[in-house]
Amino acid sequence: MKPVEAVAQIALALELLVPLFWVPFYLWPGLRKRLGLFYYLVVPGLWLILIQHLLSVRFYTRLGSFPLPHSFRVLGLFLLSGGILLEGITFLYLRGQIVGRHHFQPRSGRLVTRGPFRLVRHPTYLGHTLFFLGASLFSGYRVVALLALLDLLLLRWVIIPREERELEELYGRAYEDYRRRTPCLLPRLRKR
């Protein structure tokens with residue numbers, strides 16, 4: 001298998017996990033409450049079945065690929081690597097506060113505003129977006145690019161607004177102040 005195909009397969013698999021996991025989590029909170037911690041087993045189980053099927057039919061090749069110059073593939077590799085690095089660093093700052101823990105243990109965490117969270121409110125999603133943009137450029141597959149765009153739209157208009165409302169409920173004024181001074185996804189080039 002070529003590296004381009006491997007990246008397309010990995011991107012396809014990971015791109016579908018985040019919306020499949022978080023969109024139902026935020027759009028139907030009653031489902032999450034009814035299933036409890038079992039939710040964390042159901043979604044990955046469904047995801048594994050879906051991904052196995054899509055990879056077995058080589059879904060990522062369905063719309064063909066863009067003929068991209070070598071420099072775009074290098075840029076894609078750079079963005080992909082930067083996205084992985086940013087997500088890893090963000091994970092270290094969040095530690096046990098990820099994956100909706102506060103839904104089952106209210107007041108179990110604290111508002112994180114250090115590290116990459118000083119630059120943007122959602123560095124995990126920025127890393128996620130950089131990864132998929134990079135995977136799109138590196139692989140050149142149209143399906144990967146289309147899913148990356150769809151993923152960004154879902155993040156921006158479904159997941160982030162719902163998450164921000166929850167964070168405001170959890171942390172009140174502290175989150176409002178943080179949101180006022182920190183951009184959502186793209187860091188400011190100059191300080192205000």
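The values are calculated or read from the model by the stated rules, or taken from the named source; none is laboratory data. Computed from a predicted structure; not experimentally measured. Glycine also receives a Cβ, built like all others from the backbone with ideal geometry; neighbour counts cover every protein chain displayed.
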*Filtered residues of the range 135-175 (kept if surrounded by 13 or more Cβ atoms within 10 Å (Cβ to Cβ) and charged (D, E, K, R))*: Arg142, Asp151, Arg156, Arg162, Glu163, Glu164, Glu166, Glu168
*Which one of the conditions (1) surrounded by fewer than 17 Cβ atoms within 10 Å (Cβ to Cβ); (2) free of Cβ contacts under 8 Å to residues at least 60 places away in the same chain; (3) in a helix (DSSP H, G or I) does Val43 fail to meet, given that it meets all the rest?*
(1)
*Taking only pairs six or more apart or across chains, which ones have beta-carbon atoms under 7 Å, a first residue in the range 136-159 that is in contact (Cβ under 8 Å) with a residue 40 or more places away in the chain and assigned to a loop (DSSP other than H, G, I, E, B), and a second residue that is surrounded by fewer than 20 Cβ atoms within 10 Å (Cβ to Cβ) and not acidic (Asp, Glu)?*
Gly140/Val4; Gly140/Ser65; Gly140/Phe66; Gly140/Leu68
*Single condition Ala11 does not satisfy, out of (1) out of contact with any strand residue (DSSP E or B) (no Cβ under 9 Å at 6 or more places or on another chain); (2) among the aliphatic types (A, V, I, L, M); (3) under 22 Å from Leu80 (Cβ atoms)*: (1)
*With respect to Arg58, determine if the residue is surrounded by fewer than 15 Cβ atoms within 10 Å (Cβ to Cβ) and over 20 Å from Leu153 (Cα atoms).*
yes
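Quick check on my filter: what residues within the range 160-176 are closer than 21 Å to Glu15 by Cα and free of Cβ contacts under 8 Å to residues at least 12 places away in the same chain?
Kept after step one, since they are closer than 21 Å to Glu15 by Cα, are these residues of the range 160-176: 160-163.
Passing the criteria: only Pro161.
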*Residue check: is Trp22 more than 30 Å from Arg114 (Cβ to Cβ) and part of a helix (DSSP H, G or I)?*
no
*Read through the list (1) of a type in the set (A, V, I, L, M, F, W, C); (2) at pLDDT 90 or above; (3) over 13 Å from Leu186 (Cα atoms), then give the number of the only condition that Val144 fails.*
(2)
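Among the residues of the range 108-128, is there at least one that is among the β-branched types (Val, Ile, Thr), in a loop (DSSP other than H, G, I, E, B), at pLDDT 90 or above and over 27 Å from Ile10 (Cβ atoms)?
We begin by selecting, within the range 108-128, every residue among the β-branched types (Val, Ile, Thr); these are 112-113, 120, 124.
Then keep just the ones that are in a loop (DSSP other than H, G, I, E, B); that gives 112-113, 120.
Restricting the remaining residues to those that are at pLDDT 90 or above gives 113, 120.
Imposing the further condition that a residue be over 27 Å from Ile10 (Cβ atoms) reduces the set to 113.
Taking every residue of the range 108-128 in turn, at least one turns out to be among the β-branched types (Val, Ile, Thr), in a loop (DSSP other than H, G, I, E, B), at pLDDT 90 or above and over 27 Å from Ile10 (Cβ atoms).
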*Could you identify the single residue in Arg73, Arg62 that is in contact with a Leu (Cβ under 8 Å, 6 or more places away or on another chain) and of a type in the set (Lys, Arg)?*
Arg73
